[in-house]
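Please read the structure below before turning to the comments.
The values are calculated or read from the model by the stated rules, or taken from the named source; none is laboratory data. Please read these numbers as outputs of a predicted model, since none were measured by experiment. Cβ placement follows ideal geometry from the backbone for every residue including glycine, while neighbour counts extend to all protein chains displayed. Accessible surface areas use protein heavy atoms only, side chains included; no ligands, DNA or RNA. Shrake-Rupley method; radii C 1.70, N 1.55, O 1.52, S 1.80 Å.
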Amino acid sequence: MNTTTRAAIVGAFLVVAVDCGPESAATTEATTEVTTESTGAATGPDGTSEAPTTSGTPTTGDTATGDTTTDAASAGTTDASTTTGGECLSFDDDDPTDGDIVTQFTCGHAEVLCPSDAPLFSYEEGPDWDDTATTDDLARVHCVLEALRDRTPGQVNYTLAWPVLGSDTGSLEIVGDFLIARREVANDFNYLYREVVLWLEPPEVFAACRAKNTASAAWQCLRPYIDTDPLQLECVTAPLGCE
């Protein structure tokens with residue numbers, strides 16, 4: 001092989017090397033961009049990299065980072081039926097085969113207030129629909145309003161009478177400026193047990209209802225604490241602070 005031939009071969013290799021350089025860099029850059037997008041990373045307005053975002057309900061666990069776990073804990077953790085940790089303290093159960101009802105929220109105020117075996121209110125259709133109500137024991141209804149007005153600690157246990165194919169019972173546990181409302185309704189094949197912790201309205205509201213001296217006026221005042229779906233009052237948020 002003469003000198004001229006060798007020079008030609010070396011020159012060809014140099015051309016190939018130069019041509020391949022930019023092509024390899026372009027391939028690497030494209031791969032980097034795809035990888036960044038697939039992991040959810042984004043670039044902020046200042047050109048810095050932002051943390052990836054995910055859709056769905058926040059979760060906590062051993063695999064989460066410290067920041068993620070803290071955020072989820074402050075926002076509340078939720079399972080199928082209970083909400084705690086900065087969210088409205090409420091609990092729903094529509095499965096009567098679960099077994100005995102286990103109270104979710106309580107401050108232990110077990111003293112029975114305004115006891116009676118008679119229904120607290122009676123309705124033509126039901127508490128979820130009727131704006132008016134009657135009672136066979138107006139004095140007891142007044143007692144309940146006074147207990148809420150005075151923030152008397154204890155439990156008001158009640159029964160509601162209407163054309164229900166089962167039963168409608170509940171309790172109101174008064175704890176300072178809030179109460180824990182519980183209600184269990186079994187109507188034919190429909191069942192609901194619910195608990196929710198609600199802030200009480202000012203004492204003047206209950207005093208005004210008491211002064212009207214009628215069952216329907218009292219029902220309008222007590223209805224938001226019994227028929228809590230949809231919620232009409234402000235919920236207490238976790239953690240539950242008992243007095």
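Can you say whether residue 179 is touching a residue at least 24 places away in the same chain (Cβ under 8 Å), more than 26 Å from residue 98 (Cα to Cα) and either open to solvent by less than 20 Å² (accessible area, probe 1.4 Å) or hydroxyl-bearing (Ser, Thr, Tyr) (or both), as far as the supplied structure shows? Criteria not met by residue 179.
Only one of the numbered conditions (1) at pLDDT 95 or above; (2) within 22 Å of residue 237 (Cα to Cα); (3) acidic (Asp, Glu); (4) open to solvent by 60 Å² or more (accessible area, probe 1.4 Å) is not met by residue 87, and that is (1). Just one of (1) outside any helix (DSSP H, G or I); (2) touching a strand residue (DSSP E or B) at 6+ places or on another chain (Cβ under 9 Å); (3) more than 22 Å from residue 195 (Cβ to Cβ) fails for residue 159. It is (3). Of all residues in region 89-103, exactly one satisfies the criterion of being assigned to a helix (DSSP H, G or I) and among the β-branched types (Val, Ile, Thr), namely 97.
Do you know which residues across region 126-167 are of a type in the set (A, V, I, L, M, F, W, C) and either open to solvent by less than 40 Å² (accessible area, probe 1.4 Å) or touching a residue at least 60 places away in the same chain (Cβ under 8 Å) (or both)? Passing the criteria: 133, 138, 141, 144, 145, 147, 148, 156, 160, 161, 162, 164. Cβ separations smaller than 8 Å between residues 6+ apart or across chains give the following pairs from region 221-236 residues that are modelled with pLDDT of 95 or more to residues that are polar (S, T, N, Q) and open to solvent by less than 80 Å² (accessible area, probe 1.4 Å): 235/90. Determine which member of the set 106, 132 is in a loop (DSSP other than H, G, I, E, B), modelled with pLDDT of 95 or more and within 20 Å of the chain's Cα centre (by Cα). Among 106, 132, only 106 is in a loop (DSSP other than H, G, I, E, B), modelled with pLDDT of 95 or more and within 20 Å of the chain's Cα centre (by Cα).
The residue pairs whose first member lies in region 97-116 and is over 16 Å from residue 192 (Cβ atoms), whose second member is open to solvent by 60 Å² or more (accessible area, probe 1.4 Å) and at pLDDT below 95, and whose beta carbons are closer than 8 Å, counting only pairs six or more residues apart or on different chains, are 107/243.
Tell me, which residue of region 189-201 that is outside any strand (DSSP E or B) and farther than 22 Å from residue 166 by Cα is least open to solvent (accessible area, probe 1.4 Å)? The qualifying residue least open to solvent (accessible area, probe 1.4 Å) is 200.
If we keep just the residues of region 202-237 that are of a type in the set (S, T, N, Q) and not in a helix (DSSP H, G or I), which is least open to solvent (accessible area, probe 1.4 Å)? Top of the filtered list is 228.
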